[in-house]
Amino acid sequence: MDPLALALLPGVGPKRLLELLAAEDPLVALRERFPQAAAGLSQAEERARGERERAEALGVRLLGLWEEGFPEGLRRLPQPPTHLYLKGELPEEGKAVALVGTRRASPWALAFARRLARELAEAGLGVVSGLARGIDREAHLGALEGGGRTLGVLGSALDRVYPPEHRPLAGRMDLLSEFPFGTEPKPEFFPRRNRLIAGLVRAVIVVEAPLASGALITARYALELGKEVLAVPGRPTDQGSLGANRLIQDGAYPVLSAEDVLSYLGFSGKPKEAVALSGEEERLYALLRQGEALPEDLAQALGLPPERVLSLLTLLELKGLAQALPGGRYGAT
């Protein structure tokens, strides 16, 4: 029988699931030990078939707790998910950090989160966050700008990306959820999402967070799992920074730069050194970071002659910031 059907049975959590799968005949064990749950097996088997068909259609992988490919960091959770829905790739074990914070972030915090994520990605780290508004969004964008991979862990199903305005961004990154297809976001799902974030990473970095913030829930999960917690200090008078400042008071390592993170965690990679750019180069590079494009489209967007854009692209290539791609397109490195 399909283990996913057992996982979808109401009342069969991770412990019971593994017990059943370890039995000589899981179906017999189910009927003997949990007769009430067994009554819904036919419906669960139908749901399992539907989930697998939907996953195949969307290019999503199903990872079961019973499989070797299940991430070890999540397997070690006190209450691990019975199965996961993954689109893309998981970050390398031990080489990922989470950047989390408030949805209503200050302009300085948004800019800092984006730069921090970009520089950490340039140094070879994976960046994990929750695809929420505010700090999460900037963390994902920064990692993509840095040429790295970034994973968004959702509090909804992969076919119900929330918030909806982040769907284009979601299409450019890796996604993970423990919720079956069709599951809409609910407030109670986000703490569950946060425990997955904490379980996947080496450290959690809180960029800006008030005292009542989901980012602090992620930090608490990280501490319970023996992970590192770091925080970006803010002004003592800013309500939005009280949570991060309190974490530092309680022993979280203060972060002022990507170098602080890399040094504290013992990573040898270094962010790329800043490169001086002219105003035109800055504008062109900003467009390239949004996605690949043809020179003529870049020229139209910038209001510059095509020959000038080609000259600027050559300069960016020499500075290691742009690359020519198949089909005559260009992209940021």
Gly126 under 18 Å from the mean Cα position of the chain (by Cα), surrounded by fewer than 16 Cβ atoms within 10 Å (Cβ to Cβ) and modelled with pLDDT of 95 or more: no
Using the structure shown, decide if Ser257 is modelled with pLDDT of 90 or more, among the small types (Gly, Ala, Ser) and either over 28 Å from the mean Cα position of the chain (by Cα) or open to solvent by less than 50 Å² (accessible area, probe 1.4 Å) (or both). yes
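This table checks each residue for (1) under 23 Å from Gly146 (Cα atoms); (2) under 22 Å from the mean Cα position of the chain (by Cα).
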{"residue": "Leu223", "(1), (2)": "no, yes"}
{"residue": "Ser241", "(1), (2)": "no, no"}
{"residue": "Pro305", "(1), (2)": "no, no"}
{"residue": "Gly331", "(1), (2)": "yes, no"}
If you take the residues in segment 300-333 that are of a type in the set (Lys, Arg) and at pLDDT 85 or above, which one is surrounded by the most Cβ atoms within 10 Å (Cβ to Cβ)? Arg329
Residues of segment 205-235 that turn out to be farther than 21 Å from Leu116 by Cβ and charged (D, E, K, R), as a count: 2
Please specify each residue of segment 224-259 satisfying the condition of being under 24 Å from Leu74 (Cα atoms), assigned to a loop (DSSP other than H, G, I, E, B) and touching a residue at least 24 places away in the same chain (Cβ under 8 Å). Leu225, Lys227, Ala252
Is it the case that some residue within segment 72-87 is under 30 Å from Ala212 (Cβ atoms), in contact with a Leu (Cβ under 7 Å, 6 or more places away or on another chain) and aromatic (Phe, Trp, Tyr)? yes
Please go through segment 236-249 and give me each residue that is closer than 22 Å to Ala117 by Cβ and open to solvent by 20 Å² or more (accessible area, probe 1.4 Å), ordered by number. Asp238, Gly240, Asn245, Leu247, Ile248
Out of everything in segment 277-299 that is assigned to a helix (DSSP H, G or I), hydrophobic (A, V, I, L, M, F, W, C) and buried (at least 16 other Cβ atoms within 10 Å of the Cβ), what residue ends up being farthest from the chain's Cα centre (by Cα)? Ala299
For segment 204-223, name all the residues that are out of contact with any Gly (no Cβ under 9 Å at 6 or more places or on another chain) and open to solvent by less than 10 Å² (accessible area, probe 1.4 Å). Val204
Looking at Gly73, Gly64, Gly88, which one is at positive phi, of a type outside the set (S, T, N, Q) and touching a residue at least 40 places away in the same chain (Cβ under 8 Å)? Gly88
Restricted to segment 53-64 and to residues being small (Gly, Ala, Ser) and in a helix (DSSP H, G or I), the residue most open to solvent (accessible area, probe 1.4 Å) is Ala57
Within segment 207-236, how many residues are out of contact with any Pro (no Cβ under 8 Å at 6 or more places or on another chain), over 24 Å from Pro80 (Cβ atoms) and of a type outside the set (S, T, N, Q)? 9
Scanning segment 17-52 residue by residue, those closer than 15 Å to Asp2 by Cβ, open to solvent by 50 Å² or more (accessible area, probe 1.4 Å) and within 32 Å of the chain's Cα centre (by Cα) turn out to be Leu21, Glu45, Glu46, Arg47, Arg49, Arg52
Mind telling me which of the residues Glu45, Glu68 ends up being over 27 Å from Gly171 (Cβ atoms), assigned to a loop (DSSP other than H, G, I, E, B) and not aliphatic (A, V, I, L, M)? Glu68
Go through the residues of segment 129-141 one by one and say whether even a single one is within 30 Å of Thr237 (Cα to Cα), polar (S, T, N, Q) and in contact with an Asp or Glu (Cβ under 7 Å, 6 or more places away or on another chain). yes
Out of segment 191-203, which residues are open to solvent by less than 10 Å² (accessible area, probe 1.4 Å) and either assigned to a loop (DSSP other than H, G, I, E, B) or among the β-branched types (Val, Ile, Thr) (or both)? Ile197, Val201
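The values are calculated or read from the model by the stated rules, or taken from the named source; none is laboratory data. Remember, it's a predicted structure, so these values are computed and weren't measured experimentally. Methodologically, a virtual Cβ is constructed for each residue, glycine included, from the backbone with ideal geometry; neighbour enumeration extends over all protein chains shown. These area figures cover heavy atoms from the full protein model, side chains too; ligands, DNA and RNA do not enter into them. Shrake-Rupley method; radii C 1.70, N 1.55, O 1.52, S 1.80 Å.
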